[in-house]
Amino acid sequence: MELKEKLVSSFLAFEANVDTTSPIHDIRIEALKSFEAYGFPTKKLEAWKYTSLNSVIKNDFSIFPKKEIALEFKDVKKYFISDLDSYKIVFIDGVYSSHLSETTHDKIDVCLMSSALSQNRFKPVIDVYYNTVVKEDGMTALNTAFAKEGAYIYIPKNIAADKPIQIIHFATGVDGAAMLQPRNLIVCEDNSEVTIIERHQNLSENKVFTNSVTEMYAGNNAHIDYYKIQNDTDTSCLVDNTFTEQHNNSVCSVHTFAFGGDITRNNLNFYQKGQGIDSILNGVTILEGKTHVDHNTLVEHQEPNCESHQDYKGIFDEKSTGVFNGKIIVEQEAQKTNAFQSNNNILLSDKATVNSKPQLEIFADDVKCSHGCTIGQLDESALFYMRSRGIATKEAKALLMYAFANNVLESVKIPQLKTRINKIIADKLGVNIGFDL
Amino acid sequence: MSKFTEDDLKKELETKEYEYGFYTDIESDTFPIGLNEDVVRAISKKKNEPEWMTDWRVDAFRIWSEMEEPEWANVNYTKPDFQAISYYSAPKKADPNKSLDDVDPELLATFEKLGISLDEQKKLSGVAVDVVVDSVSVATTFKKTLNEKGIIFCSISEAIQEHPELVKKYIGSIVPKTDNFYAALNSAVFTDGSFCYIPKGVRCPMELSTYFRINQGGTGQFERTLLVADQGSYVSYLEGCTAPSRDENQLHAAVVELIALDDSEIKYSTVQNWFPGNKEGKGGVFNFVTKRGLCETNAKISWTQVETGSAVTWKYPSCILKGANSVGEFYSIAVTNNYQQADTGTKMIHLGKNSKSTIISKGISAGKSQNSYRGLVQISPRAENARNFSQCDSLLMGNECGAHTFPYIEAKNKTAIIEHEATTSKIGEDQIFYCNQRGIDTEKAIALIVNGFSKEVLNKLPMEFAVEAQKLLEISLEGSVG
């Protein structure tokens, strides 16, 4: 049976486990209808021109976790940034693990989507924000139809979250190939602040297909810093759909570090609904093997005096493929917009491919918009310079790659996280450059 | 041209179908509207074409009838009804009773500004001219010089009759019948166009131009151009004309194929100024053109275009850089005003080693127009050391227009070096102020700034065109200040 049919027919079984009387369920039923109409995206869709999910959706995924698995902290410790004092929301095969999590909170809400959807005290927030920022397509509709678990983060007015929040999804693979559909909602009211780190990790060799949707809402003057670490096994496919709505003078940044996974697709969407907004989209992609990463970004400038900055760096070795598909839309009202987009790529192998599509759609005249895209190689003379001074080729190359990605690495504000990312890169390049960047 | 109302049309159709049948009408000058295989055969017969050409057209028609109109372009328009067009009409004859006084005064004013001679004005506005001394003599001297060099420059119909071996070899080799909807349509029904062949090692001594070719008049809406530069040759070809052409045809679907054999160079310049529709966006020409060139080893193709006309433009002059060391260039200025829409750009397909390409695209949008750049740079795995540089700049005038950029960059070789940059901005108030301060009024100041903005491309145009193109930019943007 095709995955689409399987999903649609399993909806009945899904209904048996959720509250079908809540208004959320009406949203699910509508979304399922949309998914039936859209289906999985194909290469015929312009937005999916360079990424095909065919190799993924042909697998027979189990849609609901069969049993709960307990993991010992010591076994998975390496996937946490454990030296960082933080809230932790951990899911194992899509089910919340209270054992690994740390969510004791004060003033703010760091809890579960399942409770948020069912308990009355969250209702005012859910009614206003749930499923409002997301734009519907095949993948998001599918998520909405089956959404019941994920992280729910609510920061009230004038509060800054006291420590960063880590959201970690583990897939154990005990049931064979599994499909996960986490749903996150992050609401930051006026003058609030939060930092979030998200990671998906497959612990087995079995296939995992994650279709995640995150909705973020930033009120006036709110600050959101979101880090996504994607360093999964090569049997994992991730489709990440993130939607951000921003209001006056808010600053939202999403940093995506894509180092692995079979197919990774990041749909990152920013909607600016106020003035003085800044949206920051950064990404470092370092790939080898047959991995494929597709960054699909959209920034919609709807109001005057806003800014957006996009900076994506990619290094591609062996048979890896990188895609950057960035779109900036400046609406007619959005005068005095400053929008920048830059995509730089290094190809290290003849089998590697880069497809880049930086797009501008501009309807306002008093704007400054630019985009730049480059594809090239490591500078031979710089390599020679270092080698002539006793630095081995491998290290010299690594240094150049670090330098290339440094703009983005520098934007990481949590020192522990920066160290972790540097370590992942060092492991990947197989070097120990012996100093912290 | 007399007005042709819907009732007339109905009547004509009825009478044709029932009284005389279809075939009796072949000898008349205009075919009834509609398109089917018989019409395609009839066009071919009318043009007295050899059998292979007829078969080629019929094949193209069959392919076309199974294709769907493309919708991916960033333009909105009511799709033309392909069954409501007459696919063959004899060259329009000038109306002997028409004098210059009957011509639209607005058109004449534009001629004046462009500095076009009275005789040419008459010719362009369809007024009968007794003797166009200049043009005729110029054309004849041209023909003589070209013949001496062995250069073939004639209409494509003539070439099919007289040089079938060349046409047969090259037609459809770069833009195949199956290429796209409009190319297939053109292949089936093209009525005329130009053919040019430059023999080995010959450097064409003059700019070849459709402007000077007398038989160019009224070639209709489906033009086909085939240009072959044999080894080591050079040619510069100009297409179009800076004067506004008030053609009544709604749809133009042309195909241009360039073949640059080893070590040759083709420079192809276009100035397009078809009727853009009126200020309310009514009428205007749909310009759906497929242009492509093939570069063999060490060959070079350079496209230069100035697009100011047409209600809807859909045009991507491309280069297939097949040979090693081949070079492709694309220089473009696209100006849209009022309700015009342009979706234009280029494709650079790098297949050969050390192939190089440069793309400079300048878009200027004013009024309520939409201007898009859409381009592809593709580096194949075997294109070692390929190099591309692209620059797309957009200038916005007024807050109701749009400028869009859709570049596609695909690299499959690690030695490729690709740079792409795009900017969008408006004319700075400080720049205008600076000019005003020095006694240059705002309209002139804008013309000055636009000229500076477009300089890189204007410089690539042949001399005589450049001057007129510059004026054309001014005229196109007239009244857009504000």
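Numbers for the structure displayed
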quantity	calculated
Single condition A:Ala364 does not satisfy, out of (1) at pLDDT 90 or above; (2) within 19 Å of B:Phe406 (Cβ to Cβ)	(1)
Members of the stretch A:341-359 that are farther than 23 Å from A:Tyr402 by Cβ and in contact with a Cys (Cβ under 6 Å, 6 or more places away or on another chain)	A:Pro358
Qualifying residue in the stretch B:366-374 (condition: touching a His at 6+ places or on another chain (Cβ under 8 Å) and more than 10 Å from chain A (Cβ to nearest Cβ))	no
Selection count where residues are away from chain A (no Cβ under 14 Å) and surrounded by 13 or more Cβ atoms within 10 Å (Cβ to Cβ), scope the stretch B:436-448	8
The stretch B:251-298: number of residues that are of a type outside the set (Asp, Glu) and not in a strand (DSSP E or B)	17
Evaluation of A:Asp232 against (1) touching a Leu at 6+ places or on another chain (Cβ under 6 Å); (2) closer than 18 Å to A:Ala258 by Cβ; (3) outside any strand (DSSP E or B) (one fails), failing number	(1)
Filtered residues of the stretch A:308-363 (kept if among the basic types (Lys, Arg) and either within 27 Å of B:Lys426 (Cβ to Cβ) or out of contact with any helix residue (DSSP H, G or I) (no Cβ under 9 Å at 6 or more places or on another chain) (or both))	A:Lys319, A:Lys327, A:Lys336, A:Lys351, A:Lys357
Single unsatisfied condition, B:Thr290 versus (1) at pLDDT below 90; (2) in contact with a helix residue (DSSP H, G or I) (Cβ under 7 Å, 6 or more places away or on another chain); (3) not hydrophobic (A, V, I, L, M, F, W, C)	(1)
Count - residues of the stretch A:349-371 that are crowded, with 18+ Cβ neighbours inside 10 Å and more than 21 Å from the chain's Cα centre (by Cα)	12
Positions within the stretch B:164-175 being surrounded by 16 or more Cβ atoms within 10 Å (Cβ to Cβ) and not hydroxyl-bearing (Ser, Thr, Tyr), in sequence order	B:Leu166, B:Val167, B:Ile171, B:Gly172, B:Ile174, B:Val175
Considering residues of the stretch B:402-435 that are surrounded by 14 or more Cβ atoms within 10 Å (Cβ to Cβ) and more than 7 Å from chain A (Cβ to nearest Cβ) only, the residue farthest from B:Ser357 (Cα to Cα)	B:Cys435
Residue count, the stretch B:388-400 (criterion: facing chain A (nearest Cβ under 7 Å) and hydrophobic (A, V, I, L, M, F, W, C))	2
Failed item, numbered, when B:Ile379 is tested on (1) facing another protein chain (nearest Cβ under 9 Å); (2) under 24 Å from B:Asn74 (Cβ atoms)	(2)
Tally of residues being in a loop (DSSP other than H, G, I, E, B) and either touching a residue at least 40 places away in the same chain (Cβ under 8 Å) or among the basic types (Lys, Arg) (or both) across the stretch A:79-96	8
Test: residue in the stretch B:351-363 that is at the interface with chain A (Cβ under 9 Å from one of its Cβ atoms) and either under 29 Å from A:Glu303 (Cβ atoms) or surrounded by fewer than 19 Cβ atoms within 10 Å (Cβ to Cβ) (or both)	no
Selected residue (only one of A:Lys413, A:Lys368 is farther than 30 Å from A:Lys78 by Cα and touching a Ser or Thr at 6+ places or on another chain (Cβ under 8 Å))	A:Lys368
Members of the stretch A:394-413 that are without any contact (Cβ under 8 Å) to a residue 60 or more places away in the chain and more than 24 Å from A:Cys252 (Cα to Cα)	A:Lys394, A:Glu395, A:Ala396, A:Lys397, A:Ala398, A:Leu399, A:Leu400, A:Tyr402, A:Ala403
Count of residues meeting criterion [buried (at least 19 other Cβ atoms within 10 Å of the Cβ) and over 17 Å from the mean Cα position of the chain (by Cα)] in the stretch A:89-99	4
Filter pass, B:Leu458 being away from every other protein chain (no Cβ under 14 Å), closer than 20 Å to B:Tyr339 by Cβ and buried (at least 16 other Cβ atoms within 10 Å of the Cβ)	no
Among residues of the stretch A:20-72, those that are modelled with pLDDT of 90 or more and among the polar types (S, T, N, Q), counted	6
Tally, over the stretch A:349-399, of residues that are of a type outside the set (Gly, Ala, Ser) and out of contact with any strand residue (DSSP E or B) (no Cβ under 8 Å at 6 or more places or on another chain)	16
So B:Gly439, is it on the phi > 0 side of the Ramachandran plot and more than 25 Å from the chain's Cα centre (by Cα)	yes
So B:Ala324, is it touching a His at 6+ places or on another chain (Cβ under 6 Å) and in a loop (DSSP other than H, G, I, E, B)	no
Filter pass, A:Ala70 being among the aliphatic types (A, V, I, L, M), touching a strand residue (DSSP E or B) at 6+ places or on another chain (Cβ under 9 Å) and in contact (Cβ under 8 Å) with a residue 12 or more places away in the chain	yes
Those residues of the stretch B:348-365 which are touching a residue at least 40 places away in the same chain (Cβ under 8 Å), out of contact with any helix residue (DSSP H, G or I) (no Cβ under 9 Å at 6 or more places or on another chain) and not hydroxyl-bearing (Ser, Thr, Tyr), in sequence order	B:Met348, B:His350, B:Gly352, B:Gly363
Strands (runs of 3 or more DSSP E) within the stretch A:316-382 that include 2 or more residues within 7 Å of chain B (Cβ to nearest Cβ) and touching an Asp or Glu at 6+ places or on another chain (Cβ under 8 Å)	A:353-362, A:368-376
Long-range neighbours under 8 Å by Cβ, at least six apart or interchain, first residue within 12 Å of chain B (Cβ to nearest Cβ) within the stretch A:33-51, second of a type in the set (A, V, I, L, M)	A:Tyr50/A:Val323
Count of the stretch B:273-286 residues which are under 22 Å from B:Arg224 (Cβ atoms) and surrounded by fewer than 23 Cβ atoms within 10 Å (Cβ to Cβ)	2
Meets criteria (in a helix (DSSP H, G or I) and modelled with pLDDT of 90 or more) for B:Val175	no
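The values are calculated or read from the model by the stated rules, or taken from the named source; none is laboratory data. Quick caveat: nothing in here was measured; it's all calculated off a predicted structure. Don't worry about glycine lacking a Cβ; one is built from the backbone with ideal geometry, like all the others, and counts go over all protein chains shown.
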